[in-house]
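Since the structure comes first, as structure tokens, the remarks are kept for the end.
The values are calculated or read from the model by the stated rules, or taken from the named source; none is laboratory data. The model shown is predicted, which means the values in this text are computed figures rather than measured ones. Cβ sites come from the backbone with ideal geometry, for glycine too, and all protein chains shown count toward neighbours.
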Amino acid sequence: MRSENVEETEANETVFVFQEVWECAQRCPLFGLLRDSDSYVFQCINPSTAEREELMEEEQRLSEVRPFQGVLRIVERRGDESERLLNSKLSFVIGIGFREFNDQKDPEVHDFRKQMKLFCESVCAVMGPGTWEQQVMRQYPVSIESSPDLPLYLQAKLHEGNLVLAISVEHQTAE
């Protein structure tokens, strides 16, 4: 998106100018074709490495970023594989296509999704990968019966007073 009325900003201004640019874009005729604002980030050329750099931290000052020739451009955020996997699982859970859900323009929906994603990431970080036993215990927590007597549905399955339990373990080795 090009704009003829590019505003100059102070060197100690933060990258929060993105919100101002987004508000300006809302008044443009093709704004409806854009995704939500979280799908875009500023990109600049880093003068020391001469490479394109996406500015993820909005708290950075423009004087710290030092974009080459003072030019910032807005680009689509590169989605990673884990985010695409999460999106496909989310679309399965909510029962509608993710693109259809993603096309909703309600800012409350987008804010809720963002907050839930951050919450889930923090929970996953606290849990960590753990051993396979810990993963099994999280996935299938132990349920303790409140009574010492055998439940009626199990008493019907007893064979001569014994409970027959068949366990099958398959183990594949990497070749």
So ALA174, is it aliphatic (A, V, I, L, M), modelled with pLDDT under 80 and either outside any loop (DSSP other than H, G, I, E, B) or more than 30 Å from ASP38 (Cβ to Cβ) (or both): yes
Hits in the range 110-157 (condition: exposed (fewer than 10 other Cβ atoms within 10 Å of the Cβ), among the aromatic types (Phe, Trp, Tyr) and in a helix (DSSP H, G or I)): TRP132, TYR153
Strands (runs of 3 or more DSSP E) fully within the range 1-90 counting 2 or more residues that are out of contact with any strand residue (DSSP E or B) (no Cβ under 7 Å at 6 or more places or on another chain), at pLDDT below 70 and over 30 Å from VAL109 (Cβ atoms): none
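Based on what the data block shows, is LEU165 surrounded by 10 or more Cβ atoms within 10 Å (Cβ to Cβ) and part of a loop (DSSP other than H, G, I, E, B)?
On the way: surrounded by 10 or more Cβ atoms within 10 Å (Cβ to Cβ): no; part of a loop (DSSP other than H, G, I, E, B): yes.
Judged against the criteria, LEU165 is not a match.
Looking at the range 91-132, which of its residues are under 10 Å from the mean Cα position of the chain (by Cα) and either at pLDDT 80 or above or closer than 21 Å to LEU55 by Cα (or both)? Before you say what the answer is, go through the steps one by one.
So the first thing to find is which residues in the range 91-132 are under 10 Å from the mean Cα position of the chain (by Cα), and the list is 113-121.
LYS114, GLN115, MET116, LYS117, LEU118, PHE119, CYS120, GLU121 - these are the residues of the range 91-132 that are under 10 Å from the mean Cα position of the chain (by Cα) and either at pLDDT 80 or above or closer than 21 Å to LEU55 by Cα (or both).
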